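What follows is calculated from the coordinates using simple rules that are stated; it is not laboratory data. Everything quoted here is computed from the prediction, not taken from an experiment. Every residue, glycine among them, receives a Cβ derived from its backbone with ideal geometry; neighbour counts consider all protein chains shown.
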Amino acid sequence: MNSTQKPLPFLLPSPQRLEIQDGEFKIPEAGIILINNPEDQDIFFSARLLQEGLGDGWRLGAGSSALEGRAVIALNLIPGAVRHEQGYQLTIAAGRIDLTASQPAGIFYGVGTLRQLLAQCEMGLPIMQCNDWPDFPNRGVMLDISRDKVPTMTTLYELVDLLASWKINQLQLYTEHTFAYRQHSTVWAEASPMTGEEILALDAYCRERFIELVPNQNSFGHMQRWLKHPEYNHLAECPDGFVTPWGEDYGPFTLDPTNPGSLALVRELYDELLPHFTSKQFNVGCDETFDLGQGKSKVLVEQVGEGRVYLDFLLDIYRDLESRGYTMQFWADVLMSHPGLVPELPRDVIALEWGYEAGHPFAARSAILAASAVPFYVCPGTSSWNSVAGRTDNALENLRSAVRDGLEYGAMGVLNTDWGDNGHWHPLPVSYLGFAYGAALSWAYEVNREIDLAGAVSRFAFQDHDEFVGKIAYDLGNVYQLSELQPPNASILFRILQSTPEDLAIHVDESDRRIAEFRAILTRIDEIMAPLPQAVMGRADAGLIKNEFTWSADMLRHACWRLIWALGLARGEQDRALRKRLAQDAENLTEAFRQIWHARNRPGGFKDSLARMDEMRSHYL
């Protein structure tokens with residue numbers, strides 16, 4: 001446990017054990033960083049990162065001996081010195097710092113902690129003893145790059161640096177149609193996809209920072225971006241579309257498992273995609289096969305059951321990947337509906353147990369997987385999608401329960417997901433709260449449960465030591481809760497923006513209460529955003545971040561006024577002045593959206609996302 005003898009420095013994640021003692025290590029302008037390892041290239045990158053944090057006066061060297069009259073920081077890579085493979089020991093004494101680990105990753109994580117200390121202890125570091133290690137060996141983030149937004153390489157590199165500084169060690173880019181397959185350009189022609197060369201470069205960048213870039217390609221459901229094209233439509237379970245469980249007419253969605261061409265297609269995709277990654281894990285998706293059994297596999301499903309048909313196709317994919325030497329990851333939702341089939345899974349797959357509401361039953365579902373000895377990750381989310389500004393409290397409880405239950409039932413990893421449903425309207429910095437809390441919990445759950453998240457994100461994401469921006473992000477992500485209307489997997493403010501006035505009219509019988517709620521939200525938004533002009537961030541994109549949060553707040557304000565206007569219409573009131581104001585506001589929001597989108601993302605997909613903004617605006621014209 002952390003000692004309370006001295007005030008603890010601000011760290012993200014907080015280490016497992018940290019003891020502060022009297023005294024400090026005065027940080028001189030010059031010194032030497034000693035790489036104590038015969039294979040010093042293994043930790044050279046970590047040493048250079050530390051050198052950046054100390055300044056030009058600090059030089060690199062090799063060996064273990066202190067030099068007369070020189071301040072020394074020793075990076076000691078000693079096999080067996082630390083029990084945990086990714087763990088480290090950091091000892092800061094009056095005249096020397098020793099960082100010891102058994103593996104290069106431990107040195108990297110210890111350097112990350114030391115850099116965070118250096119950023120807030122300009123005069124001197126506290127004398128301390130830190131023993132640190134992760135609760136989970138696999139701590140991942142999955143970023144959706146298929147729901148319209150494909151980030152630029154600059155955005156991806158910056159995100160990798162941020163996640164690595166929080167000791168995340170796995171990254172996945174959720175892919176449906178956004179890899180540039182050479183023989184399938186029809187599918188990605190307007191998507192600005194990731195190219196093979198870009199994946200190779202990103203993989204190398206990640207490896208240097210001890211992040212495993214795991215390939216990700218959905219391979220069963222969520223294939224609508226493929227199956228809508230004539231060249232692939234014959235492989236669809238329902239070529240003419242189907243009705244979703246929630247009553248929506250939808251186009252072709254899932255591959256037909258009875259058609260040998262379906263497996264041939266995914267094998268062809270794997271042939272091209274996988275060689276660009278050094279990882280030997282592969283997330284094949286296979287979630288939400290909503291239309292399975294409604295079309296071409298209907299007879300077979302009636303004969304043997306939907307779960308059996310699903311599992312047989314999944315096992316076909318498994319056998320292909322096993323022959324290639326890959327460990328298959330897959331989303332566990334479909335088999336969770338058929339728990340009797342779970343014991344038939346091979347014991348060298350990784351089931352991804354996901355759920356995004358605060359009350360998701362991670363414990364019950366983890367117990368099913370654990371009882372069958374099936375390796376699994378718990379997969380919560382940032383709750384940023386379908387929100388514009390996030391859903392803070394939901395995200396935090398979702399992350400807490402996933403990690404807590406994952407620890408209890410022996411999950412081998414945590415994969416924190418960030419989706420982009422319905423236009424991917426939330427700016428990337430909205431997700432920093434969820435990324436940071438997920439990283440902290442998956443590293444050391446007990447000591448990070450009650451972390452000052454707003455303060456930590458201000459310092460270590462926004463580089464705002466006055467802690468304005470983290471609090472703005474935190475509070476803006478909770479403002480939707482001032483309404484009693486709480487749809488699942490979304491904020492009501494987002495739903496208002498993407499609903500028609502006729503849809504909103506269902507609340508006309510409670511107009512007075514709703515209008516009072518949303519006027520209160522307007523007041524609260526103004527209170528939350530008031531400090532933003534004063535915020536000073538040490539980031540090159542500080543101006544962009546301010547614009548992104550300003551746009552998010554303005555979108556939430558627009559939702560409030562949109563509901564008030566729609567309820568007036570439903571009561572027969574024609575507030576032409578408000579309608580005109582909303583039309584102009586929507587135009588301004590659309591232009592701001594265009595600018596912030598292109599600042600971090602490629603052009604592909606913008607047209608589809610913008611169409612949703614245009615639909616919102618069309619109701620005022």
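What the table shows:
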read-out: Residue-averaged [θ]222 nm for the chain, counting only DSSP H segments that reach four residues, each worth -39500 (n - 2.57); value: -13000 deg cm²/dmol
read-out: Antiparallel DSSP beta bridges within the chain, as percent of all bridges there, nearest 5; value: 30 percent
read-out: On Cα atoms only, tilt of 432-443 relative to the major axis of the chain in degrees; value: 60 degrees
read-out: Protection-proxy order for peptides 571-579, 356-364, 288-296, each taking the mean of Cβ atoms within 10 Å per residue, highest first; value: 288-296, 356-364, 571-579
read-out: Distance from the range 384-443 to the range 454-489 (C-alpha centre basis), Å; value: 13 Å
read-out: Cα gyration tensor shape for the chain, rounded if a/c is under 1.5, else prolate or oblate; value: oblate
read-out: Sites Asp320 and Tyr250 - FRET efficiency at Förster radius 41 Å, r taken between beta-carbons, to 0.05; value: 0.90
read-out: Out-of-range pairs (alpha-carbon distance over 23 Å; input Lys296/Lys607; Lys167/Lys280; Lys471/Lys607; Lys580/Lys607; Lys471/Lys546); value: Lys296/Lys607; Lys471/Lys607; Lys580/Lys607
read-out: Residues listed by number, the range 341-355, amide nitrogen under 17 Å from Leu300 label point at 7 Å toward C-beta; value: none
read-out: Nearest 10 degrees, 0 to 90: helix 306-324 Cα axis against the chain principal axis; value: 40 degrees
read-out: Extension gain from Asp312 to Ala542, taking 0.36 nm per residue of separation minus the Cα-Cα distance; value: 77.7 nm
read-out: Most to least packed among 194-207, 440-453 [average Cβ atoms within 10 Å]; value: 440-453, 194-207
read-out: Cβ crowding within 10 Å averaged over residues, with 92-104, 601-613 ranked highest first; value: 92-104, 601-613
read-out: Cα long-axis angle, helix 104-120 against the chain (0 to 90 degrees, to the nearest 10); value: 90 degrees
